[in-house]
1. How about the range 238-269: which of its residues are more than 19 Å from the chain's Cα centre (by Cα) and of a type in the set (V, I, T)?
2. Tell me which residues, restricted to the range 124-139, are among the hydrophobic types (A, V, I, L, M, F, W, C), surrounded by 16 or more Cβ atoms within 10 Å (Cβ to Cβ) and free of Cβ contacts under 8 Å to residues at least 60 places away in the same chain.
3. Identify all residues within the range 227-244 that are free of Cβ contacts under 8 Å to residues at least 60 places away in the same chain and either farther than 20 Å from L131 by Cβ or surrounded by fewer than 24 Cβ atoms within 10 Å (Cβ to Cβ) (or both); write none if there are none.
4. Need the failing condition index for R86 against (1) buried (at least 17 other Cβ atoms within 10 Å of the Cβ); (2) out of contact with any Leu (no Cβ under 6 Å at 6 or more places or on another chain), just the number.
5. Scan the range 7-23 and give yes if some residue there is free of Cβ contacts under 8 Å to residues at least 60 places away in the same chain, of a type in the set (S, T, Y) and within 26 Å of D250 (Cβ to Cβ), otherwise no.
6. Just the residues that are touching a residue at least 60 places away in the same chain (Cβ under 8 Å), within 30 Å of A6 (Cα to Cα) and out of contact with any helix residue (DSSP H, G or I) (no Cβ under 9 Å at 6 or more places or on another chain), please, taken from the range 55-111.
7. When you check A159 against the structure, is it surrounded by fewer than 20 Cβ atoms within 10 Å (Cβ to Cβ), over 30 Å from Q70 (Cβ atoms), touching a residue at least 24 places away in the same chain (Cβ under 8 Å) and of a type in the set (A, V, I, L, M, F, W, C), yes or no?
Amino acid sequence: MSRIAATFSRLRQAGRKALIPYVTAGYPYADITPELMHAMVAAGADVIELGVPFSDPMADGPVIQKAGEQALALGIGTAQVLAMVRTFRERDAATPVVLMGYANPVERYDLRHGPGSFIRDAAAAGVDGVLIVDYPPEECEDFAAQLKAAGLDLIFLLAPTSTARRMQQVARIASGYVYYVSLKGVTGAGHLDTGAVEQMLPRIREHVQVPVGVGFGIRDAETARAIGRVADAVVIGTRLLQLIEGQPRDRVAAEAATFLRGIRQALDA
C-alpha cells in the first residue's frame, strides 16, 4: 500500500479528513522548504503538495505565479525540488509528498538526464505522487504505468465542467486521490460555492473510487470545515502562500503552522 493510500485509510478509520497544504518549492527562500514542510506536518498536514516552479503555469493565479517566478529567480528547478524531498525524508518517512506542476519541467528533466529519469529520481527521493496539470488522462497512460511500476501515484484534476466521460477516463488510471478544482478559473480566483461542491462530489464518486480532495478558493477555517463535511481532503495553497510572503526567514514556518493548526482544528471539530 502506498503512503498516500495508507494515510487516507488511517484517516477514514478515524473519521477524519485529510489536510493537504500546497507550497511552491523554494519560496519564499531557496532553502526554506524542508523546514516549512516539517512545520506543516507538525501543525496537522496529512499530505504535502509541493509545487515545481515553472515559467508558464496555466492553471495558477497571480499569487502562485509570483511564488513560482521568485523560486525560479532563486535557481529552483526540478533537481533542486527533488533534493528538498530527499532532505525532508531524512526526518520524515511517513508523510506523503506529491509534486504538482506541468509537463515541460518533467520532459526537460528526462531530456537532460535520460528517458525515465524523472520517475526514477522522484521515487528515489521519496516522492509519493505527481499531479501534472497539462497531462490529460487519454495522453499519459504510458506515463501512468511507469509511475505505478515505480510505486508512485498519478493524481488528476477534475473541474465543474468535467463530463461523465472525463470522470471515467480519469477513474481508469488515477490513483492516490483526485483533486476537484471547485472553481472555474485559476488558483485563488472567485468565491467558493460550497453548495455546488456538495452537488458535484456525488457525481464524481459515481465514477471515481479513490478519495476526492477539493481545492481552489479555500481560504479560512469556516470554508475548510464546510468542504470537509463532503470531501475526503481539503487542499489549501494560495492563502498559505499569501501568509508567508514577505515574512522574515525565521517567521515563515511559524506563520504557516499557526494558520494550518486553525484549519486542522476546524476539520476535526
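The values are calculated or read from the model by the stated rules, or taken from the named source; none is laboratory data. If you're wondering where the values come from, they're calculated on a predicted model, not measured in any experiment. FYI the Cβ positions are ideal-geometry reconstructions off the backbone, even for glycines, and counts take in every protein chain you see.
1. Listed by number, the residues that qualify are V252, T258.
2. At the first step, the residues of the range 124-139 found to be among the hydrophobic types (A, V, I, L, M, F, W, C) are 124-125, 127, 130-133.
When the remaining residues are screened for being surrounded by 16 or more Cβ atoms within 10 Å (Cβ to Cβ), the result is 125, 127, 130-133.
If the condition is that a residue be among the hydrophobic types (A, V, I, L, M, F, W, C), surrounded by 16 or more Cβ atoms within 10 Å (Cβ to Cβ) and free of Cβ contacts under 8 Å to residues at least 60 places away in the same chain, then A125, V127, V130, I132 are the ones that fit.
3. To start, the set of residues in the range 227-244 that are free of Cβ contacts under 8 Å to residues at least 60 places away in the same chain comprises 227, 229-230, 239, 243.
R229, V230, R239, L243 - these are the residues of the range 227-244 that are free of Cβ contacts under 8 Å to residues at least 60 places away in the same chain and either farther than 20 Å from L131 by Cβ or surrounded by fewer than 24 Cβ atoms within 10 Å (Cβ to Cβ) (or both).
4. Of everything listed in (1) buried (at least 17 other Cβ atoms within 10 Å of the Cβ); (2) out of contact with any Leu (no Cβ under 6 Å at 6 or more places or on another chain), R86 misses just condition (1).
5. No, because not a single residue in the range 7-23 is free of Cβ contacts under 8 Å to residues at least 60 places away in the same chain, of a type in the set (S, T, Y) and within 26 Å of D250 (Cβ to Cβ).
6. A59, M100
7. Working: surrounded by fewer than 20 Cβ atoms within 10 Å (Cβ to Cβ): yes; over 30 Å from Q70 (Cβ atoms): no; touching a residue at least 24 places away in the same chain (Cβ under 8 Å): yes; of a type in the set (A, V, I, L, M, F, W, C): yes.
No.
To keep it simple, each residue is scored yes or no on (1) of a type in the set (S, T, Y); (2) modelled with pLDDT under 95; (3) under 18 Å from the mean Cα position of the chain (by Cα).
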| residue | (1), (2), (3) |
| --- | --- |
| P53 | no, no, yes |
| A59 | no, yes, yes |
| P62 | no, yes, yes |
| R91 | no, no, no |
| E107 | no, no, no |
| A122 | no, no, yes |
